[in-house]
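Take a look at the structure below.
Quick note: the coordinates plus some simple rules give every number you see, no bench work behind them. Here the structure is a predicted model, which is why all the values come from computation and not from measurement. Cβ placement follows ideal geometry from the backbone for every residue including glycine, while neighbour counts extend to all protein chains displayed.
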Amino acid sequence: MEKEQLRELLNRMTLDEKLGQLTQLTGEHFAGKIDDEMVETGPAMEDLDLSEEQVGTVGSVLGSSSAKVINLIQEKYLERSRLKIPLLFMHDAIHGYRTIFPIPLGLSCSWDSEIVKKVAAYTATELRAAGIQVNFSPMTDLVRDSRWGRVMEAFGEDHILSGRLGKAMIDGYQKEVNGRIGEHGVAACLKHFAAYGAVHAGKDYASVDMSLREFFGYYARPYEIALEAKPRMVMSSFNSFNGEPVTASKYLLKEVLRDKFQFEGIVISDWGAVAEIKSAGVAENDKEAATEAFKAGVDIEMVSSNYLRHGADIVNASEELQTWLDAAVLRILTLKNNLGLFENPYVNEEEEAVLLRSEEAIAFAKQAAVESCVLLKNEKVLPINASVKNILILGPFAKTKELMGGWSCKGRFEETISLEEGIRTTFQAAKVNAYEKLEECPADLYEKADIILLTIGEPWYQSGEGHSSTNIELAAEQQELVREVKKSGKNFACIGFSGRPLALESVIEDIPALLWCWYLGNCAGTAVAELISGAATPSGKLTMSFPRVTGQTPLYYNEYRSGKPANDSSYSSRYQDCEIGPLYSFGHGLSYADIEYSNIQLSAATITEQRTVQLSMEITNNSEYDTKETVILYMDDPVSKNVRPVKEMLDYQRITLPPYTKKKVVFDIKAEDMKYINNQLEKVLEPGEINLYLNDGKTPIGKLIYVS
Ligand code: NOJ
């Protein structure tokens with residue numbers, strides 16, 4: 001349809017029909033409960049008190065899946081829709097739809113936008129094949145507190161990395177061609193705007209109170225960067241921000257998102273969040289809650305019905321809101337039109353089977369899994385010698401197929417490769433035994449084992465939405481297991497699975513090698529086996545620091561300087577009962593390869609607004625391992641008007657390094673990238689020295705003088 005036709009359609013709509021477009025319901029409202037097809041991603045809502053007629057005006061559906069079901073819902077709906085405006089179907093496929101890839105926190109450890117983009121592209125193909133046109137992803141909430149269960153859905157503690165990976169994911173979903181969503185593409189919904197990752201004390205749905213300097217300098221940056229890829233939708237967050245529920249915040253949703261960040265797409269509330277304006281105590285009743293959300297500019301209300309029930313009264317009382325309503329409806333009709341729904345509201349049911357779980361997607365899921373793992377420690381245990389005869393796998397993740405991770409959409413355990421299966425396939429000449437508990441393992445098998453792979457971590461269902469924890473240490477029985485194996489003097493390596501960084505201080509001394517695998521999706525077992533055998537080389541680097549103990553959280557590499565920096569003195573910024581710093585910091589990750597940096601040079605000693613400076617270096621792989629290397633460049637600004645972080649990431653690059661090769665890497669350093677947001681909310685850099693560091697962030701590699 002042309003723009004004009006869309007306008008005409010809008011003009012023919014009644015007020016109720018317009019309000020319907022602004023409402024999203026789950027599938028059972030349209031075609032009754034259809035077993036197994038709905039993925040529940042939120043609490044059941046009490047009776048929404050909607051008439052059949054009202055349901056017949058609704059604009060979009062959440063959580064339904066499979067081409068057959070979606071066609072059925074669409075058909076039934078269109079039969080009763082007066083103007084035959086097709087429904088839009090939305091879903092949460094945050095790391096795959098049916099082919100499951102590593103969780104986003106794992107993917108971020110690859111530091112690789114291309115990988116993230118391809119994961120999103122495969123996911124979009126499967127979603128579209130199943131009849132879904134909008135994906136509630138990516139989530140670029142900045143996360144610093146691993147008590148928060150949702151860190152698994154995020155890209156870690158750095159704002160630049162989170163923003164760039166979010167942008168890559170949007171590109172992968174939308175497959176834009178000439179400003180339109182491409183074939184097999186879906187509309188991306190960037191979430192959760194804003195600062196949801198900073199919920200107080202890591203407790204889900206809690207409030208957020210922060211300075212605007214902190215907000216614009218860090219928490220808002222990942223959304224701002226990701227918005228460059230033009231996601232068609234943004235989801236507002238559950239939390240309140242500086243005293244306002246975000247769903248009712250004109251400041252965040254209008255002044256910041258629309259005016260400052262120039263977002264032109266659709267804003268959707270989170271699940272039931274319009275109604276929650278009332279439970280947050282900021283509205284007296286549902287009507288007032290709907291009014292506040294309207295005024296803030298929330299276009300679609302997700303799975304509650306306040307817009308439909310009270311919208312007419314609200315907009316009839318305000319001309320401004322009538323204009324806004326028309327604009328909101330037009331945004332929704334435009335998206336439906338751009339997705340081609342008016343021409344063909346149905347999906348080809350035969351094609352679905354061909355497009356789900358393609359060989360290519362599965363092969364890529366394995367590659368992404370390999371690149372998401374991080375080798376945290378290795379006292380010459382890994383890789384295992386190819387000639388080992390007896391491998392014993394122990395611990396809670398030895399045999400399980402539950403390795404996909406939370407939010408696994410339509411992924412299936414039976415299509416997931418367990419560690420035991422992966423190890424058996426990779427080490428075909430070895431005898432492989434697997435037991436979840438030490439007591440189950442016969443003594444002679446234990447004795448005979450040349451290597452023990454001891455699995456540790458947290459079950460997948462302990463992270464994700466609504467799964468915050470006060471204790472992120474390893475369960476007592478797992479700590480005991482580590483100690484027992486250590487005491488026996490056997491050669492062993494630990495393999496960790498979790499949806500969040502865990503606090504491992506109590507066991508780390510006893511562990512000679514530790515590969516952290518997060519949750520890796522369908523190909524978990526194969527990917528881990530390849531890394532353990534040396535067929536693949538670990539190349540992931542942490543994007544979220546691992547604390548020593550829970551009490552250190554929130555913990556992140558770019559904390560603000562203190563007047564009393566942490567040192568041996570008790571009058572310094574430290575805890576009395578814990579060593580200084582994280583157990584493993586942001587950026588940490590070992591390799592089997594021997595990688596050497598040389599010839600590190602700056603093209604100039606001073607930097608100005610006009611003059612960029614090149615930092616160049618040579619990186620050599622002195623080993624037989626085919627690997628990838630992420631080079632991380634940090635800066636610190638030792639003297640500034642407002643307090644700045646001890647260290648900040650300026651940029652990073654990822655390169656491939658085949659065996660015995662050398663590559664040159666060049667960073668273009670710009671003054672603009674070194675600036676910070678001051679207390680007046682201006683972006684500034686005062687003249688003076690800037691120190692530069694690489695990778696571990698501890699050894700200075702040079703200085704630049706900024707001249708304004
Ligand atoms: C609530 C979650 O916060 C959000 O991330 C998700 O997209 C919606 N539910 C829909 O499932």
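Quick notes on this structure:
- Other-chain or far-sequence residues with amide H under 5 Å of A434's (modelled H): I393
- R0 of 60 Å, Cβ-Cβ distance R12-E484: FRET efficiency to nearest 0.05: 0.25
- Think of it as helices only: each DSSP H run of n ≥ 4 in the chain is worth -39500 (n - 2.57), and spread over all residues that comes to -8000 deg cm²/dmol at 222 nm.
- Exposure proxy ranking, count of Cβ atoms within 10 Å, fewest first, for W516, W324: W324, W516
- Sorted fewest first by neighbouring Cβ atoms within 10 angstrom, M233, M13 come out as M13, M233.
- Each of T455, T334 has some number of other Cβ atoms within 10 Å of its Cβ, and from fewest to most they run T334, T455.
- Extension gain, R561 back to V354 (0.36 nm per residue minus Cα-Cα distance, nm): 69.0 nm
- Taking a point 7 Å out from the Cα of N242 in the direction of its Cβ, the residues of region 651-695 whose backbone N falls within less than 13 Å of it are 679-682.
- A crude spin-label estimate for the pair E477 and S506, with each label 7 Å from Cα along the Cβ direction, gives 1.5 nm.
- Cross-link table K641/K675; K377/K664; K33/K68; K203/K287, entries beyond 19 Å C-alpha to C-alpha: K377/K664; K203/K287
- Relative contact order of the chain: 13 percent, from C-alpha pairs under 8 Å at least 6 residues apart in sequence.
- Stretchable slack from A44 to V646, in nm (0.36 nm times residue separation minus alpha-carbon distance): 212.2 nm
- Förster radius 56 Å - calculated FRET efficiency between F261 and S387 (Cβ-Cβ, nearest 0.05): 0.45
- A crude spin-label estimate for the pair D568 and A604, with each label 7 Å from Cα along the Cβ direction, gives 4.4 nm.
- Taking the convex hull of Cα positions in the chain, its mean projected area over all directions (nm²): 32.1 nm²
- Computed FRET value (nearest 0.05) for L681 with A363, which takes r as the C-beta separation and R₀ as 51 Å: 0.60
- Pair I705, E53: separation of 7 Å Cα→Cβ label points (nm): 7.8 nm
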